Each structure stands twice: as C-alpha cells, then as structure tokens.
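This report refers to the structure that appears directly beneath it.
The values are calculated or read from the model by the stated rules, or taken from the named source; none is laboratory data. The structure presented is a predicted model; accordingly, all values stated were derived computationally and were not measured. Reconstructed Cβ throughout: ideal geometry from the backbone, glycine too, with neighbour counts over all protein chains shown. Accessible surface areas use protein heavy atoms only, side chains included; no ligands, DNA or RNA. Shrake-Rupley method; radii C 1.70, N 1.55, O 1.52, S 1.80 Å.
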Amino acid sequence: KCFDDMIVKSDNACAEALLNKIGYATLTNELHAIGLNSSSFVKSYIQSTAADESTFLGALYSGQLLSPSSTSTLISAMKRNIYRQDIPAGASGTVADKVGFLNALLHDASIVYSPSGTYVLVVMTDGSSWGTIADLTRAIESWRSS
C-alpha cells in the first residue's frame with residue numbers, strides 16, 4: 001500500500017519510509033551501479049538529473065532493471081498517478097509517470113505510449129506550471145509526428 005501511495009499519490013512519507021528501510025547510501029550506490037551517476041540520496045539532500053531519470057525510465061521500459069513482474073507493478077502504478085495536469089494532459093497516448101513537486105520545483109518523469117511510438121520524457125522545472133509542461137509535451141508530440 002505504501003509503495004503504491006508513493007507512486008500514485010506522490011506520498012512523501014512513504015518515500016521517506018522506503019528510503020530509511022533501504023538506506024540512503026545503499027540506494028545511491030545501486031543507482032551509481034546502473035550508471036545513474038548524477039543521482040544521489042543523502043539524508044539532507046536528494047538530487048537527480050533529467051538525463052539520469054530518462055536513462056532509468058528507458059531501462060525500466062525495456063525490462064533491463066527489474067523482473068517482469070516488478071516492472072509491470074511499477075509501470076502500472078505510474079499509469080495510475082493522480083497528477084495528470086502536466087505531461088499526461090499534453091500527450092496523445094497513455095502516460096506512465098511520476099511527478100515531484102516541492103516549493104517552486106515541479107518535475108515529471110514519464111514513459112509516453114504515443115500513437116507515433118513510445119518515448120521517455122522528463123521535465124524538471126523551477127518556477128514553472130503544470131500547464132507549461134503540458135504545452136511543452138504537445139509541442140514535442142507535434143514535432144515527433146512531423
């Protein structure tokens with residue numbers, strides 16, 4: 001339940017509980033082992049980049065990270081994310097995504113199952129809006145289909 005809430009509802013308490021259970025250093029080491037060298041979970045500061053998140057989602061989608069069952073569980077939860085005003089609002093197909101927002105930071109990392117082909121899109125902003133991210137997604141989809 002807490003895993004599902006963490007992905008579907010972006011529940012920070014569940015994410016923190018999972019981080020505490022796994023261990024911040026352990027998770028950081030695992031991310032670095034799969035090539036996500038710009039991502040780090042340290043108790044005082046969590047960081048990532050759009051490039052690392054794109055790499056992660058591409059590997060997840062292609063089945064390179066988790067067992068088939070775990071991949072299906074995670075992607076299914078991402079498809080049920082309750083925040084749909086950004087990339088999902090601008091995409092023409094189904095979107096599996098995980099949002100992140102805190103203060104002025106507004107991010108969305110997604111796998112977009114577009115009619116013109118599946119792609120990964122990660123948008124990380126500071127001071128932007130859900131609507132701007134949706135507009136950006138529409139522009140990218142328009143460019144991809146031209």
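For Leu19, project a label point 7 Å along Cα to C-beta. Then give me every residue of the stretch 87-126 with its amide nitrogen under 18 Å of that point.
98-109, 125
Between the alpha-carbon centers of the stretch 34-76 and the stretch 89-131, tell me the distance in whole angstrom.
15 Å
What part of the accessible area of the stretch 10-86, given as a whole %, is carbon or sulfur when the probe is 1.4 angstrom?
On the way: 2520 of 4550 Å².
With neighbouring chains kept in place, the figure for the stretch 10-86 is 55 percent.
Taking trypsin sites (Lys or Arg not before Pro) that fall in a DSSP loop and have at most 16 other Cβ atoms within 10 Å as cut points, what is the longest piece of the chain between them?
Values: sites that count: Lys1, Lys9, Lys43, Arg80, Arg84.
Longest site-free region, per DSSP loop and neighbour criteria: 85-146.
For the stretch 1-84, take N as its residue count and report Rg(C-alpha) divided by 2.2 N^0.38 Å.
Numbers: Rg = 12.9 Å, N = 84, 2.2 N^0.38 = 11.8 Å.
Relative to the rule-of-thumb radius for its length, the stretch 1-84 sits at 1.09.
Against the longest principal axis of the chain, how steep is helix 68-79, in degrees 0 to 90 to the nearest 10, with axes from Cα atoms?
So the inclination is approximately 60 degrees.
Taking R0 as 22 Å, what FRET efficiency do you get between Phe3 and Thr26 from their Cβ-Cβ distance, rounded to the nearest 0.05? Walk me through the numbers before you get to the answer.
On the way: r = 17 Å, r/R0 = 0.77.
It comes to 0.85.
Please give the residues of the stretch 1-25, grouped as numeric ranges, whose backbone N is less than 13 Å from a label point set 7 Å along the Cα-to-Cβ vector of Ser76.
1, 4
Give me the Å³ per residue figure for the convex hull around the C-alpha atoms of the stretch 52-98. Before the final figure, lay out the partial values.
Numbers: hull volume 3.5 nm³, N = 47.
For the stretch 52-98, the hull spanned by Cα atoms encloses 75 Å³ per residue.
Skipping prolines and chain starts, which residues have an amide H placed within reach, meaning under 5 Å, of the one on Ser128, given they are 5 or more residues away or on another chain?
Long-range HN contacts for Ser128: Leu106.
FRET efficiency for Asp11 and Ile34, Cβ-Cβ distance as r, R0 = 25 Å, nearest 0.05?
Numbers: r = 25 Å, r/R0 = 0.99.
Here the calculated transfer efficiency is 0.50.
Give the relative contact order (percent, whole number) for the chain; include only Cα pairs under 8 Å separated by 6+ residues. Walk me through the numbers on the way to the answer.
On the way: 204 pairs, mean separation 27.5, N = 146.
Averaging sequence separation for qualifying contacts and normalising by length gives 19 percent for the chain.
Estimate the FRET efficiency between Thr118 and Trp143 by the formula 1/(1 + (r/R0)^6), using the beta-carbon distance for r and 25 Å for R0, to the nearest 0.05. List each step's numbers first, then the result.
Numbers: r = 16 Å, r/R0 = 0.64.
Result of the calculation: an efficiency of 0.95.
Counting heavy atoms of the protein chains only and a 1.4 Å probe, report the per residue accessible area for the chain as a whole number of Å².
Numbers: 7950 Å² over 146 residues.
Per residue, the chain has 54 Å² of solvent-accessible surface.
Mind checking which aspartates and glutamates have their C-alpha under 20 Å from Lys1, skipping anything on the same chain fewer than 8 residues away?
Excluding near neighbours in sequence, the set is Asp11, Glu16, Asp97.
Would you compute, from DSSP H runs of 4+ residues alone, the mean residue ellipticity of the chain at 222 nm, taking -39500 (n - 2.57) per run and dividing by the full residue count, rounded to the nearest 500? Don't skip to the answer; put the middle values down first.
Values: 7 runs with 72 residues, N = 146.
When only DSSP H runs of four or more count, the value is -14500 deg cm²/dmol.
Largest first and in whole Å, what are the equivalent-ellipsoid semi-axes of the stretch 37-137 based on the Cα gyration tensor, each being the root of 5 times an eigenvalue?
Values: eigenvalues 82, 74, 27 Å².
Output for the stretch 37-137: semi-axes of 20, 19, 12 Å.
Rounded to the nearest 20 debye, what is the charge dipole size of the chain about its Cα centre when +1 sits on each Lys and Arg Cβ and -1 on each Asp and Glu Cβ? Display every interim value, and only then the final one.
Numbers: 10 positive and 13 negative charges, 54 e Å.
Here the chain has a charge dipole of around 260 debye.
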